[in-house]
1. Restricting to segment A:108-152, name every residue that is more than 17 Å from the chain's Cα centre (by Cα), within 18 Å of residue A:213 (Cα to Cα), buried (at least 19 other Cβ atoms within 10 Å of the Cβ) and not hydrophobic (A, V, I, L, M, F, W, C).
2. Is it true that some residue in segment A:39-60 is over 29 Å from residue A:213 (Cα atoms) and either without any contact (Cβ under 8 Å) to a residue 12 or more places away in the chain or facing chain B (nearest Cβ under 9 Å) (or both)?
3. For segment A:12-42, name all the residues that are buried (at least 24 other Cβ atoms within 10 Å of the Cβ) and acidic (Asp, Glu).
4. Taking segment B:349-404 as the region of interest, how many residues are in contact with a strand residue (DSSP E or B) (Cβ under 9 Å, 6 or more places away or on another chain) and either on the phi > 0 side of the Ramachandran plot or of a type in the set (Asp, Glu) (or both)?
5. Could you list, in sequence order, the residues of segment A:69-100 that are open to solvent by less than 10 Å² (accessible area, probe 1.4 Å), of a type in the set (A, V, I, L, M, F, W, C) and within 7 Å of chain B (Cβ to nearest Cβ)?
6. Could you list, in sequence order, all residues of segment A:192-215 that are open to solvent by 10 Å² or more (accessible area, probe 1.4 Å) and either modelled with pLDDT under 95 or in contact with a Ser or Thr (Cβ under 7 Å, 6 or more places away or on another chain) (or both)?
7. Looking at B:17, B:48, which one is polar (S, T, N, Q) and under 26 Å from residue A:86 (Cα atoms)?
8. Only one residue in B:240, B:219 is hydrophobic (A, V, I, L, M, F, W, C) and closer than 30 Å to residue A:44 by Cβ, so which one is that?
Amino acid sequence: MSDNQPFNLLTPGHNGCAGCCDSLAAKYVLMAVGPDCIVVNPTGCLEVMTTPFPRSAWNVPWIHSLFENGGAVAAGIEAALKSLGRRGNTKVIGIGGDGSTMDIGIGALSGAFERNHDILYVCIDNEAYMNTGVQRSSGTPLYASTSTSPAGSVSYGNNTNKKDMPAIMVAHGSPYVATTSIGYANDMIKKVKKAADVVGSTYIHTHAPCPTGWGFDSSKTIEIAKLAVDCCLWPLYEIENGEVTAVRKVKNPKPVEEYLKAQSRFKHLFKMEGGDKEIEKIQQYADKNIAKYGLDK
Amino acid sequence: MAVNPNDKHKMTVVEGSYATAHAAKVSRPHVISAYPITPQTHIVEDLSQFMADGEIPGCEYINVESEFSAISALIGAAATGARTYSATTSQGLFLMHEALLNASGMRLPIVMTVVNRAAGAPINIWNDQQDSIAQRDTGWIQLYAEDTQEAADMVLQAFKIAEDKNVLLPIMVCMDGFVLSHVYEPVVLLDRKEADEYLPPFKPDVYLDPKNPLSFGTLGDPSVYTEFRYKQEQAMRNALPLIEKAADDFKKVTGRYYGGLVEGYELDDADVVIVSFGSILGTIKDVIDEYRASGEKIGVLKVRAFRPFPTEAIANALKNAKAVVVIEKDISIGRNEGALFTEIKAGLYNTPMRTPMVGYMVGHGGRDIRPMHIKKIIEATKKVAETGKIEIESQFNDVKEELL
């Protein structure tokens, strides 16, 4: 094992797109946790791009079962390690996208968290079903145009706000829930490490811009991720045993236009009549975050 | 031969569900995961009590929020190297469907008791075998028990077959709901020593382990996918003799034997042969005893293994029959016959055998099958044997005209 082994737990050479958010997020998770883990990866881009048989990019034990059962598979692994006396410090980690986490897999994940298995679950939220061609999920933000919530002459795109998934996980009594962004790698690695060290079901929700699905140049993944945090559409916080214990301050929040303009999924808002008023609604969403978490104080 | 006459003093009257739960207990599972559903509930309640009383040392019991998560948790646990057990029925089994294919595709030797129950709609909690038959192409081995003793003993046999390195496939142990699960009968409860002698610990070659990081459940594109299916089918072929061996080995340890792939009763010289599976065999055998008493050559072939399908064993067993009748509690809707009937005919088509065969679909949704129904079927099949002519190839038994 070489000294830089933690950096090789997810090897390069996989089939991810240039500027892929999933590979960055997964890499940060493994850098934080190290080799003593077992990864459960529900169906999605990450699973497809990293494991075309007989190749695998994973240098940690890894399992993909189905789209909607990540929480249950992780629970079963944790139970097996306990029963077999092989638990040691091995951490069971679920890594799923917004579709497998917030939509189709929420039942299995809820069950695992309610039973408080000793697992860490990381949602890599790129705000739509990217693997199948950018269909909307409950992680898709207001007015994003996706292939199943397209903007059109009578539609501004997706007409709902994001589901507040971290709040749902807090409601399960999780001892540690945190939001992270792949634009702030050190913050993310620190929080994942902390979450992995807590005994019980812990949850990390990471915001992960997808160049293919969101429509921006593949060199700008980190830039876009930072913009979401800097305009307060994606607040970074930690919640321990139900209490907000840390918030990343944003001294001079940028207007949401700056973030929206940089992505083609929102471009219709700048062309359609009345688009400016709709952008105002997105700004109000950011303002709510600022007030709720005291981001600018 | 079910119970060895020398073991009669060991017999105790328990519910079928208890006997099965006890068998799961002495199999020393590492992880049990299940969701309650009628008529499987008593099995999971008994297992929960065993856990509460510390009778399954080291076992983790996961009280999941659905059958889908029950089987999914076992997929994770089995991939980690654990011996795993669950029980379910009907709607719960249907909810598992996607994961059943996944467990078999990943070659995980999970053992699950299926307490056979009808499928909704209309919702119906009573017994037929539509539920497991509907899962026949999921890549699970399917074994069918005739009585409560066999249903319990089959759990151990199933672990032995499933965990064999030439098999590594999950197994459904099917027992009829209520008729077996809720009946109190004298059985011999396997003691731990016998169980340990019969069933060695599960030691898989590959499992999820940070010391040897492997990837499970990867993407198989068209260039590699066929070979996964091919190897699954090979594993099913490998299971055929091992199902027989598991039964033979069990007999060596306990003296109890129920047949291997199939088992005949008054079969060898029988002109009319009934083929069936599950608890209805008990009624059929009683009727056959009556016929034999009056000198009529009627016999029965019990099918224990439905997957892998024992074509050769069935063909061999039916070779002297003048007419065959298949009686079963399921239907392939749109085919107008039960799955067992279809498959027996298909298996014999490319052979010289031209014995006339008829099928009866009986007992749907728990409707009683009494000796008089069996007699009526036998009388009709006797005519087929005499004339060699089939008037109705496949039919429902006991349809109430006034309800149509």
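The values are calculated or read from the model by the stated rules, or taken from the named source; none is laboratory data. Bear in mind that the values here come from a model prediction, so they are computed numbers and not experimental data. Positions of Cβ are generated from backbone atoms using ideal geometry, with glycine treated the same way; all protein chains shown enter the neighbour counts. Heavy atoms of the whole protein, side chains included, go into the accessibility calculation; ligands, DNA and RNA do not. Shrake-Rupley method; radii C 1.70, N 1.55, O 1.52, S 1.80 Å.
1. Those that are more than 17 Å from the chain's Cα centre (by Cα), within 18 Å of residue A:213 (Cα to Cα), buried (at least 19 other Cβ atoms within 10 Å of the Cβ) and not hydrophobic (A, V, I, L, M, F, W, C): A:143, A:145, A:146, A:149.
2. So far as segment A:39-60 goes, no, none of its residues is over 29 Å from residue A:213 (Cα atoms) and either without any contact (Cβ under 8 Å) to a residue 12 or more places away in the chain or facing chain B (nearest Cβ under 9 Å) (or both).
3. The one that is buried (at least 24 other Cβ atoms within 10 Å of the Cβ) and acidic (Asp, Glu): A:22.
4. 5
5. A:72, A:73, A:74, A:75, A:77, A:79, A:80, A:81
6. Result: A:211, A:215.
7. Among B:17, B:48, only B:48 is polar (S, T, N, Q) and under 26 Å from residue A:86 (Cα atoms).
8. One residue alone meets the criteria, B:219.
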